[in-house]
Amino acid sequence: MKRPLLILLGALALGAAIFAGSFFTARHTTMICCEKPADDLNWLRLEFHLSDADMARIREMHEGYLPKCAEMCAKIAAAKRELDSLGNSGTNVTAEAQAKRKEIANLRAQCQAQMLEHFVAVSQAMPAEQGKRYLAEMKQLTLGTNELMEKSMSDHAGHEHGSN
Amino acid sequence: MNAPDSKLTALLRDARPSPALPSRFQQNVWRRIEDAAAPAQSESWLDALAALILHPRFALATAALLLLAGVFAGMADGRQFARHDAQMNYLAAVAPHAAR
């Protein structure tokens, strides 16, 4: 192989090694420095630039909300266990299983409503612009997937009907 | 005096026969003379690049630039990752079903 080509390839390899080495070292160091898993609210403080007073209000709301959320989760989990114990064998859907599914759906709806109420309350405890951004982001994170699924299903159903 | 000399010369030539020249000998000699006399060919872009890479100032500057670029890109990526991690932490606390 020609010498200049070897020099070029060697320089490229060395350059890539320097970039990759510094990239991964800096990435690792930043991840360790920024990591504060002890506090759930750390993200709020950093992302929405909240003052200590805002954080104190939000922390109070957060701590008040957590037991309610845990209670709803426990109810949903219990209802799911009951549904599983009914034994959904074969294709038969018993009236009891149907009722349990409705109960789970209701519990989920209540849980979601409670969660949205909490998001609204937290957003109101923030400066107006940040609150708006927080609410939009939380809706996107929690309801976005469902909405996307519903939209894709309704689009699909629309096409099906249109083709008939 | 002349006659014995020419005789002697002929005798010597016969005694030491010179080997036959290779084919196109004269043409090859002229070609080599022309090649040597011609100005040096301009170097290719690859040679120029290799020469530039071997230049210490250029090599050092490029290495420093790559190092800085790597550090900044790594920090940005690490911050993004940490932000996402913290966001998932918060989401897991307030909406355990959504975070799953």
Answer residue from the stretch B:52-67, given it is within 20 Å of the chain's Cα centre (by Cα) and facing another protein chain (nearest Cβ under 8 Å) and is surrounded by the fewest Cβ atoms within 10 Å (Cβ to Cβ) among those
B:L54
For the stretch B:33-51, what are the residues that are facing chain A (nearest Cβ under 10 Å) and among the acidic types (D, E)?
B:E43, B:D47
Return yes when A:K75 is more than 9 Å from chain B (Cβ to nearest Cβ) and touching a Leu at 6+ places or on another chain (Cβ under 6 Å) and no when it is not.
yes
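Which of the following residues is of a type in the set (G, A, S), in a helix (DSSP H, G or I), free of Cβ contacts under 8 Å to residues at least 24 places away in the same chain and at the interface with chain B (Cβ under 10 Å from one of its Cβ atoms): A:A26, A:A13, A:A53?
Of A:A26, A:A13, A:A53, the one residue that is of a type in the set (G, A, S), in a helix (DSSP H, G or I), free of Cβ contacts under 8 Å to residues at least 24 places away in the same chain and at the interface with chain B (Cβ under 10 Å from one of its Cβ atoms) is A:A26.
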Any hit, the stretch A:113-126, residues being in contact with a Cys (Cβ under 8 Å, 6 or more places away or on another chain), of a type in the set (A, V, I, L, M), under 21 Å from A:T142 (Cα atoms) and modelled with pLDDT under 90:
no
Considering only residues that are small (G, A, S) and more than 19 Å from the chain's Cα centre (by Cα), look in the stretch A:56-72 and name the one that is nearest to the other protein chains (Cβ to nearest Cβ).
A:G64
Within the stretch A:30-50, residues at the interface with chain B (Cβ under 7 Å from one of its Cβ atoms) and among the β-branched types (V, I, T) come out as A:T30
Which one of these does A:C33 not meet: (1) in a helix (DSSP H, G or I); (2) surrounded by 13 or more Cβ atoms within 10 Å (Cβ to Cβ)?
(2)
Step by step: first the residues of the stretch B:68-78, then only those that are surrounded by 17 or more Cβ atoms within 10 Å (Cβ to Cβ) and of a type outside the set (G, A, S), then the one that is nearest to A:A136 (Cα to Cα). Which residue is that?
B:M75
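The values are calculated or read from the model by the stated rules, or taken from the named source; none is laboratory data. Being a predicted model, the structure only gives us computed values, none of them experimental. Heads up, the Cβs are rebuilt from the backbone with ideal geometry, glycines too, and the neighbour counts pull from every protein chain shown.
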